[in-house]
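To start, the structure under review is shown below, and the notes come after it.
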Amino acid sequence: MDGPNQTATEFLLLGFSEQEEVVFGMFLGMYMVTISGNLLIILAISCDPRLHTPMYFFLANLSSVDICFSSVTVPKALVNHVLGSKTISYTECMAQMYFLFIFGNMDGFLLSVMAYDRYVAICHPLHYTMMMRPRLCVLLVAISWVITNLHALLHILLMVQLTFCSYNAVHHFFCDPYLILKLSCSDTFINDVAAFTEGPLIFLTPFICIVVSYAYIYAKVLKIPSAHGIKKALSTCGSHLTVVCLFYGAILGVYMHPSSSYSLQDAVASVIFTVVTPMVNPFIYSMRNRDIKGALRRIILTS
């Protein structure tokens, strides 16, 4: 611990201390599944020319982001357990939060872009190729990266202005921004204002885009006369909707309140979207997608 007038040089990640061995095994297993599952998705899309379409381009980007998102937090927790350490340096903590902001928000932006892709495919099928040009797809992903990086930079620049002293234990396995704010002995008013103004804007904009896209899709599907046509239209959206519900359902109630009201229950909920969601995404898309399953089958047969 540092003195009362000194800035803390490290933090203690207490994680789930009561059942460390069990949690370590679970996290190690889930992390290995996350890496292998998402790499298989990327490999299948890269190797199969039939999957070189906008939808799978966005899916490959989502899998890449999920690998990075999980790798920001889980390896550090696993290494600390093996070494018998609970510390993370101040610099590492700030860097970890920076990349958490980037990759966490990139998930939301990519899901919104994928929703727009489904909207164009279902509502404007004859103009799909023209509207979803490769240049536009790359531009949408690039803009998402720029926005999420600027968002992360803003919050980290505000964070490094704070002073952390005396008690520096974080009851989590990573540097959760809202738990770190609770440890500050400085006034966090500006940080909370940013979290309640710019934060919801970055969070809700992709969510609103998803809702609007599916509202148009729903209206279009209602006009389809045959049940087979409805089933075919919705089959392309099922996997995406499942991932959207899992992702936003986990975080909606966690970060939409002041840092002072953050609880241990919120920390448990955040594990869902930092560890569980990146792990299950490949299974959701592969199990409900014939193209992905076919590509994976061909890779296995030719290997």
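The values are calculated or read from the model by the stated rules, or taken from the named source; none is laboratory data. From a predicted model like this one, the values you see are computed outputs, not experimental measurements. Cβ placement follows ideal geometry from the backbone for every residue including glycine, while neighbour counts extend to all protein chains displayed. Ligands, DNA and RNA are excluded from the accessible area calculation, which covers all protein heavy atoms including side chains. Shrake-Rupley method; radii C 1.70, N 1.55, O 1.52, S 1.80 Å.
Summary of computed values
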{"quantity": "The range 14-78, accessible surface, carbon-and-sulfur percent (1.4 angstrom probe)", "calculated": "71"}
{"quantity": "For V170, residues with placed amide H under 5 Å, excluding near neighbours", "calculated": "L12, L13, L14"}
{"quantity": "Using distinct alpha-carbon pairs, which all enter the 1/r mean, Kirkwood radius of the range 42-151 in Å", "calculated": "15.8"}
{"quantity": "Gap separating the Cα centres of the range 166-231 and the range 64-102, nearest whole Å", "calculated": "21"}
{"quantity": "Computed over the range 152-253, Cα set: Rg, Dmax in Å", "calculated": "20.6, 67"}
{"quantity": "Gyration tensor (Cα) of the range 109-151, equivalent ellipsoid semi-axes in angstrom", "calculated": "23, 11, 5"}
{"quantity": "Per residue convex hull volume, Cα atoms of the range 101-227, in Å³", "calculated": "126"}
{"quantity": "Length released on extending from E92 to A142, taking residue separation times 0.36 nm less the Cα-Cα span", "calculated": "15.4 nm"}
{"quantity": "5 Å-binned pair-distance histogram of the range 130-203 (Cα, whole percent)", "calculated": "3, 13, 20, 18, 15, 10, 7, 6, 4, 2, 1, 0"}
{"quantity": "Acute angle (nearest 10 degrees) that the helix 90-123 long axis makes with the longest principal axis of the chain, alpha-carbon atoms", "calculated": "20"}
{"quantity": "Ordering of 205-213, 138-146 by burial proxy (mean other Cβ atoms within 10 Å per residue, highest first)", "calculated": "205-213, 138-146"}
{"quantity": "Calculated over the chain: convex hull of Cα atoms, volume per residue (Å³)", "calculated": "141"}
{"quantity": "Fraction of accessible area attributable to carbon and sulfur, the range 107-179 (%, probe 1.4 Å)", "calculated": "73"}
{"quantity": "Whole-number accessible area per residue in Å² for the range 125-236, which is evaluated in the context of all protein chains at 1.4 Å", "calculated": "58"}
{"quantity": "Acute angle (nearest 10 degrees) that the helix 20-47 long axis makes with the longest principal axis of the chain, alpha-carbon atoms", "calculated": "30"}
{"quantity": "The chain: most fluctuating residue of S70, S36, S186 per GNM, C-alpha cutoff 10 Å", "calculated": "S186"}
{"quantity": "Karplus-derived HN-Hα couplings along the range 276-285 (A = 6.51, B = -1.76, C = 1.60, θ = phi - 60°), whole Hz, x at Gly and Pro", "calculated": "6, 4, x, 6, 8, 3, x, 5, 4, 6"}
